[in-house]
Amino acid sequence: MKERLKGNIEDIFHEINRYIINKEQIAVDKLYIDGTKIEANANKYTFIWKGSIEKYREKLYRKIMKQLEKMNERYQETGIIFL
């Protein structure tokens, strides 16, 4: 893995997104983030509490906006804009 994945993880993330957008012909003029949290190892006894999501909503919103700004800077030359 060290030899093949030399790039920054964010670069890999952006390349995967660009590939999916092109491959699936996704219209990116409007995208929505709903804040759904899904646990990787979920079972019938696992639950993500609504209260914790509401408690950290503002922090999460700022984090999302920061990522969207980074993505807008990165994809600026392609004309793709994330709102």
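Could you figure out which of (1) modelled with pLDDT under 80; (2) surrounded by fewer than 11 Cβ atoms within 10 Å (Cβ to Cβ); (3) not in a loop (DSSP other than H, G, I, E, B) isn't true of Arg62?
Here Arg62 meets the rest and fails (1).
With the condition kept exactly as written, say whether any residue in region 46-58 is among the acidic types (Asp, Glu), at pLDDT 80 or above and surrounded by 11 or more Cβ atoms within 10 Å (Cβ to Cβ).
no
What about Glu10, is it of a type outside the set (S, T, N, Q), open to solvent by 100 Å² or more (accessible area, probe 1.4 Å) and at pLDDT 70 or above? Don't jump to the end; show me each part of the working.
Values: of a type outside the set (S, T, N, Q): yes; open to solvent by 100 Å² or more (accessible area, probe 1.4 Å): no; at pLDDT 70 or above: yes.
Judged against the criteria, Glu10 is not a match.
What single numbered condition from (1) modelled with pLDDT under 80; (2) open to solvent by 100 Å² or more (accessible area, probe 1.4 Å) fails to hold for Glu39?
(2)
Sort out which residues of region 66-79 are surrounded by fewer than 11 Cβ atoms within 10 Å (Cβ to Cβ) and at pLDDT 85 or above, and write them in order of number.
Lys66, Glu73
The values are calculated or read from the model by the stated rules, or taken from the named source; none is laboratory data. Everything quoted here is computed from the prediction, not taken from an experiment. All Cβ positions, even for glycine, are placed from backbone atoms using ideal geometry, and neighbour counts span all protein chains on display. Note: accessible area is taken over every heavy atom of the protein model, side chains too, but ligands, DNA and RNA are not part of it. Shrake-Rupley method; radii C 1.70, N 1.55, O 1.52, S 1.80 Å.
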